[in-house]
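> The structure's right below; bear with me while I get my questions together.
The values are calculated or read from the model by the stated rules, or taken from the named source; none is laboratory data. From a predicted model like this one, the values you see are computed outputs, not experimental measurements. Here Cβ is always computed from backbone atoms with ideal geometry, including for glycine, and neighbour counts include all displayed protein chains. Heavy atoms of the whole protein, side chains included, go into the accessibility calculation; ligands, DNA and RNA do not. Shrake-Rupley method; radii C 1.70, N 1.55, O 1.52, S 1.80 Å.
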Amino acid sequence: MDLFTAIEARRAIKHYSSNETVSEADFERIMQAVLLSPTSYNIQHWRFVRVTDPQQRSRIQEAAWGQTQITEAAELIILCADTQAWSDDPQRYWANTNAEVQSVMLPMLQAFYEGKGQLQRDEALRSSGMAAQTLMLAAKALGYDTCPMIGFDSEQVARIINLPAGHLISMIITLGKADRPANPRAGQLPLEEVLLENSY
Ligand SMILES: Cc1cc2nc3c(=O)[nH]c(=O)nc-3n(C[C@H](O)[C@H](O)[C@H](O)COP(=O)(O)O)c2cc1C
């Protein structure tokens, strides 16, 4: 499927066919594509929890006010992010560059984030959002459906997955095959309203 078709065909799918699985090869391909998403300073804040344990799924469903896609979808991925990734051995993020590049980039990265809690959190969420869209479009390109979700008690889900300190949950994504199409689009704002030239 070409990119524009995938963009147009991706919808938030709430009902999944319970006898459709995602092959391991497709899952791996989608996740490898996700790893190519952009992040500031190449920090790659994202961490992904693939929930395969049915009991854990049920507990997450309870924390998500019973939303059915949590247990119906073939796969459930919790998109987490490490707000402290900027300081966690950042040399790794520039490992393939030469010493000269590293000597410029690493102190720059440190100075940009150090002591700026809000920015650290914003960046973790930005990175995770980039990963989310890549995941959903890659899945669609391979014929799968997804739903991004924030309708859950984050603290409860954090406890269920043992979320480490300094990490956050940005969203959950369900992945599988729709057994019912999405409703017609609810109402897109016109481009003229959201696209500005030069300033507000
Ligand atoms: C961050 C985020 C959180 C969302 N949370 C939920 C959710 O908890 N449950 C749900 O059914 N849909 C959820 N959605 C899906 C949106 O309702 C949906 O993306 C939006 O209505 C546009 O529809 P479309 O994705 O089919 O174009 C969420 C979407 C985003 C981007």
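> Considering only residues that are more than 24 Å from PHE48 (Cα to Cα) and surrounded by 12 or more Cβ atoms within 10 Å (Cβ to Cβ), which ones fall in segment 105-119?
Answer for segment 105-119, where residues must be more than 24 Å from PHE48 (Cα to Cα) and surrounded by 12 or more Cβ atoms within 10 Å (Cβ to Cβ): MET105, LEU106, GLN110, PHE112, LYS116.
> Just to be sure before I move on: is PRO148 within 16 Å of the ligand (Cβ to nearest atom), modelled with pLDDT under 95 and of a type outside the set (Lys, Arg) in the structure I sent?
Judged against the criteria, PRO148 is not a match.
> Are there any pairs, at least 6 apart or on different chains, whose C-beta atoms fall under 9 Å, with the first in segment 176-200 and of a type in the set (D, E, K, R) and the second assigned to a strand (DSSP E or B) and at pLDDT 95 or above, and if so, which?
As it stands, the answer is LYS177/TYR16; LYS177/ASP145; ASP179/TYR16; ARG180/TYR16, since those pairs meet every condition given.
> In segment 123-143, which residues are out of contact with any helix residue (DSSP H, G or I) (no Cβ under 8 Å at 6 or more places or on another chain) and part of a helix (DSSP H, G or I)?
Across segment 123-143, the qualifying residues are LEU125, SER128, GLY129, MET130, ALA132, GLN133, MET136.
> Condition check: open to solvent by 30 Å² or more (accessible area, probe 1.4 Å), farther than 25 Å from TYR16 by Cβ and within 16 Å of the ligand (Cβ to nearest atom). Does ASP122 satisfy that?
yes
> State all residues of segment 61-101 that are crowded, with 17+ Cβ neighbours inside 10 Å and among the polar types (S, T, N, Q); if no residue qualifies, say none.
Within segment 61-101, GLN61, GLN67, GLN69, THR71, THR83 meet the criteria.
> Would you check which residues across segment 12-33 are out of contact with any Lys or Arg (no Cβ under 7 Å at 6 or more places or on another chain) and within 16 Å of the ligand (Cβ to nearest atom) and list them?
ALA12, ILE13, LYS14
> A further question on this structure: Go through segment 33-60 and give me each residue that's surrounded by 18 or more Cβ atoms within 10 Å (Cβ to Cβ), of a type outside the set (A, V, I, L, M, F, W, C) and in a strand (DSSP E or B).
Correct list: ARG47 only.
> Out of segment 63-106, which residues are in a helix (DSSP H, G or I), free of Cβ contacts under 8 Å to residues at least 40 places away in the same chain and out of contact with any helix residue (DSSP H, G or I) (no Cβ under 8 Å at 6 or more places or on another chain)? So that I can check it myself, show each step before the final result.
Residues of segment 63-106 in a helix (DSSP H, G or I): 63, 69-72, 85-87, 90-94, 99-106.
After this cut, where a residue has to be free of Cβ contacts under 8 Å to residues at least 40 places away in the same chain as well, the list is 71, 87, 91-92, 99-104, 106.
Listed by number, the residues that qualify are ARG92, ALA99, GLU100, SER103, VAL104.
> Do you know which residues across segment 151-194 are open to solvent by less than 100 Å² (accessible area, probe 1.4 Å), part of a helix (DSSP H, G or I) and away from the ligand (no atom under 13 Å from the Cβ)?
Once the filter is applied, which keeps residues that are open to solvent by less than 100 Å² (accessible area, probe 1.4 Å), part of a helix (DSSP H, G or I) and away from the ligand (no atom under 13 Å from the Cβ), segment 151-194 yields GLN156, ALA158, ILE160, VAL194.
> Same structure, new question: Taking segment 131-150 only, how many residues are open to solvent by 20 Å² or more (accessible area, probe 1.4 Å) and of a type in the set (Ser, Thr, Tyr)?
Number of matching residues: 1.
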